Structure formats: structure tokens, C-alpha cells
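*Asks:* Please find one structure pasted underneath; my questions will follow.
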Amino acid sequence: MKPDNKPPSKVTLDDLFALKRAEQPPEEFWSDFQRGFHVRQRAEAIEPKRWWFVLPRVFAGFSRYQMPIGAAAVLAVTFLSFREYREPGFEVAYSAPQALPAVTEIEPAVESVPVAVARMPLPNAMDFSEVAPLGFVAEQIETAVASAEPSQPVELTPMVVWAGPSAAAIEAVASVPTPSERSIAANLAAAQAEQLQVGRLLGEPELDLAAAITNSETLSEVSVPEPTRERLFVYQSSPADFSVDRENNSGRDTHSLIANRISQDELYDSVGRVSAGANHVTVKF
Amino acid sequence: MSVASKVLGKTLVSSAERRQEADSDWAVVQRVQNGEVGAFDQLVIRYRERVYGVVYNMTSNREDAADLTQDAFIKAFKSINRFQGQSSFFTWLYRIAVNSALSHLRKAKLRTFFSFEKIVEDDKTTEILSQLTDKHGADREVYVRELQEKLNEAMQKLSIKHRTVVTLFEIDGLSHEQIAEVAGCSVGTVRSRLHYAKQILQAELQSYLNA
């Protein structure tokens, strides 16, 4: 049979796949491949294994407990989230009713010095050596008040570096049962921390405010200012008081003079707001 | 491919040979697991061409195929202690290689370019090529090159999943069950994908298939 008379054969899809199958690299490719593989194999062998590579093997035995462990984890997270939500924490700002009378209303005779607040921002480094002692601060207050116009109120805000509540304070807050008591305890702890900082600044011994407040009598029964309260509100006074004190000063220090001028009732009434920030506590009067 | 037998030009391996192959692989794997790292070379030499063929026909790029084949063997080597022999080693290795290729193809979807291996001619391929060139009366070298490009284009027109199935079944000669195991789908899905893919290829390569 002549080639021209040969019946035309049919090329099928399988034939084309056979051609694809025949696409192969030359022999030298495999020697390079093997060499490259050995290089990478050695590199992988000396590379330190990451700690998380071990985890699948560590937890391989726990595979049958996946459901209970997962459920327990979800419950734990839910419980902790709920508990966290309920806790008042120390970022509590207690606001007294705004209707509280200002000092000017209590003492109308004194010309408009409603607020006595010292603003003493401290650097974060807490370098107490650079902080002025009490005498210097008191002098500053005295000067500021004396130089102020009688009609212009002097506003000084006490700002003390917030060192955070102590462990005992946290425990005390956590131990009280009701939210309101917890809130009060949190504010007290904040004030305690503030007092601690002020005490360090002024070089005075640490006072237990909680004990002082809980052990004290009601306001109506208070007759003599206690040392703790003197210290608490040491900066509160009026220009008139200062001027009188300066004139009648007979050996006592300014601290005592200022403190003795303040009645207990006035101190309690004038507390307007206690708030705790990230690194400070502010008590506004 | 020492244990593979060529039937009608397609790489088909009987189940008895597969079993024998699997037993042999498992013995080598156990040696590697016991610290004889050099034994892993036997597995590489045994499967490198088949793994390369699968990856090459999935990517249509010889450089990518070489890298991905090495990656597959490195991954298998690193994970060999976790291989428990529940499936055959070659299925496990294929799964690693196919997953590496799929991951690569998804990442490199927009920057695909082809590079071909030369067709290694034997009796079968020579006959096919003769039929094609005689029919078209073209220069053989040019025609083969053009045919390769056309075949690769047709393969790349398939989706990644369809291409995988076609490659494993038509080119590497795996059974439907083995493909289902490697690709992680049912046998019915494999059959369906294969049928659809062949329809597409038939349409794309119609000019080469007419009598």
C-alpha cells in the first residue's frame, strides 16, 4: 500500500495527554535537583525548631477532650469578662451633688475665694528631691492668695502623682459586698494613695485614712480638728485667714495656722469631687 | 519508575504493585524515622519524577515545578515523624505536593508564564507527532513547539481543581479513589470534574483532534 493511500489515523485527546506526559526534564536536571535538595535538607536540619512546632505533639493526647476543653475555655472567658465588667476598679470618679454650697456661700463675709487647691504636677520619674517642701508650698499659696484681687477667686487644684493603690487597698475594695461600698472604698483607696504621696512630699509619716475616717465621730460631734484632717485639707483657706494668721503668728508654722482655721464641717461640705486618673488623683473642693 | 508498568502509553500501576510499593515505602520511612536520614534519598529518587510531572503539568512552568517539587520533599522530610502509615507514603507525598502547587497557583494567579520541557520522544509520541505534522504539513520542530504551547494554554484554561484531577488521572495515572484521597474530595466529585475538564479540553484542542 502506498503511503498516500494509508487511511488517516485519528489523533485523540489521550494522544495529546501522552505528549504532555512525555514532557520531561533532561537527566542532568535530576543531579542538580538532588544536590539542591541535599543543601536544603541540611539547612532545615540545622535550623532550630520553633517552640510552636512542638505544640501539635504536646496536645496530640488532648484531641479526645477538645469539646470539654473548648467549652471550659469559653465559660472561663465569659466569667472573667462578666466579673471584670462588674468590678468598679480604681478608675472611678465620684461626683458629689453639684448643689453643694461653695465656700463663698458658707462664709459670705469672705470675699470670693471659693477654692483652695494646690496644683503640684510631678514628673513621672517621681523625683521627690525636686519637690518643694511644705513650707515652700505654703508660702507660695500664701503669696498667691495675698496678691490676688479680693474679687478674683484663686483656683489651685491639688494634683498629686498617682502611684496606684496598695495591695491592701485593693484587697479592701474587693472584700466589700455592695457596689456602692466598693465605690466608696475605691475612692478611699485613691485618697489614701494620694495622702501617701503628699506625705512623702511633705516628709510626714504615713496616715491610715480609712481608720481615721471610720473611727471618727459624726460631723456634729467633731469639736477638735484631728491631725489627719488637718493634713488632708492643709491647703484650704482664704486670703483673709492668711492675713490674720500672718499678723498673729506667734511661733507656730504656717501649716498649723492654716489647718487650725478650717472647721471640720466646712471641709466636709466643700468636697466636690474626687477623681482618679491614670497616674494621679484629683480632689476638688 | 521502576515498579510502574506502562500500559497503552499511560502510567498505570496495578494494585498488587501499589501494595508492594507501599510496603517498601513504609520500610524506608521507618528507617528515616529511626534516624537514618540518608534513607530518605531512596524515596526522593523513587518519586521525584512523578511529583515533578504532577506539579509541572499543574503550573506549566518548569522553574516553578522544580522549586515546588523540592519544597514538597523538604516538607515531607520535616514531617516524616508524624507519618503514621495510615495511608500510603506516595498518597501522603502527593497530597503535600498538590497542596504546595495549589497554594502557589493561588498566590501567583496574575503572573503566570509558561516554560516547557522538551518532549522526550519514544515510539508512541513519535507516531503521534508524525500524524500531526503529516496532516498539517508543517515544520516538525516549529509545530511541536506550537502544539506544546496550545496544550499548556488549554490546561491553564481549566480551573485549578479541574486541572489537578486531569493531571493526576490522565497524566500520572492515579485511580479515582487515589485522586479523591489526594484531593480530599469524593470519588463522584473526581469523576464529575474529570468529565467536565475533558469536555473543555476537547473543545479547546479541536483543531488537533479532527480526523
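The values are calculated or read from the model by the stated rules, or taken from the named source; none is laboratory data. Remember, predicted model here, so these are calculated numbers, not experimental data. Backbone-built Cβ (ideal geometry, glycine too); neighbour counts: all protein chains shown.
*Asks:* For the range B:68-78, which positions are of a type outside the set (F, W, Y) and either in contact with a Cys (Cβ under 8 Å, 6 or more places away or on another chain) or at the interface with chain A (Cβ under 9 Å from one of its Cβ atoms) (or both)?
*Replies:* B:T69, B:Q70, B:D71, B:I74, B:K78
*Asks:* Can you pull out every residue in the range B:118-155 that is within 21 Å of B:A108 (Cα to Cα) and buried (at least 17 other Cβ atoms within 10 Å of the Cβ)?
*Replies:* Correct list: B:L151, B:N152, B:A154, B:M155.
*Asks:* Only one of (1) more than 14 Å from every other protein chain (Cβ to nearest Cβ); (2) closer than 29 Å to B:Q199 by Cβ; (3) of a type outside the set (K, R); (4) out of contact with any helix residue (DSSP H, G or I) (no Cβ under 7 Å at 6 or more places or on another chain) is not met by B:E153, so which one is it?
*Replies:* Condition not satisfied by B:E153: (1).
*Asks:* For the range B:16-63, which residues satisfy the criterion of being assigned to a loop (DSSP other than H, G, I, E, B) and either within 12 Å of chain A (Cβ to nearest Cβ) or of a type in the set (S, T, N, Q) (or both)?
*Replies:* B:N34, B:G35, B:S60
*Asks:* Out of the range B:81-95, which residues are surrounded by 19 or more Cβ atoms within 10 Å (Cβ to Cβ) and within 14 Å of another protein chain (Cβ to nearest Cβ)?
*Replies:* Result: B:L93, single match.
*Asks:* Hey, does the range A:6-14 have a residue that's within 14 Å of chain B (Cβ to nearest Cβ), surrounded by fewer than 10 Cβ atoms within 10 Å (Cβ to Cβ) and at pLDDT below 80?
*Replies:* yes
*Asks:* While we're looking at this one, here's another question. Which of (1) closer than 18 Å to A:E23 by Cβ; (2) free of Cβ contacts under 8 Å to residues at least 24 places away in the same chain does B:S175 not meet, given it meets every other one?
*Replies:* Every listed condition holds for B:S175 apart from (1).
*Asks:* Filter the range B:156-165 down to the residues that are outside any helix (DSSP H, G or I) and touching a residue at least 12 places away in the same chain (Cβ under 8 Å), then identify the one that is surrounded by the fewest Cβ atoms within 10 Å (Cβ to Cβ).
*Replies:* Going through the qualifying residues, I end up with B:K157.
*Asks:* Then there is this: Would you be able to tell me the number of residues in the range B:166-189 that are in a helix (DSSP H, G or I), within 14 Å of B:R95 (Cβ to Cβ) and hydrophobic (A, V, I, L, M, F, W, C)?
*Replies:* Result for the range B:166-189: 5.
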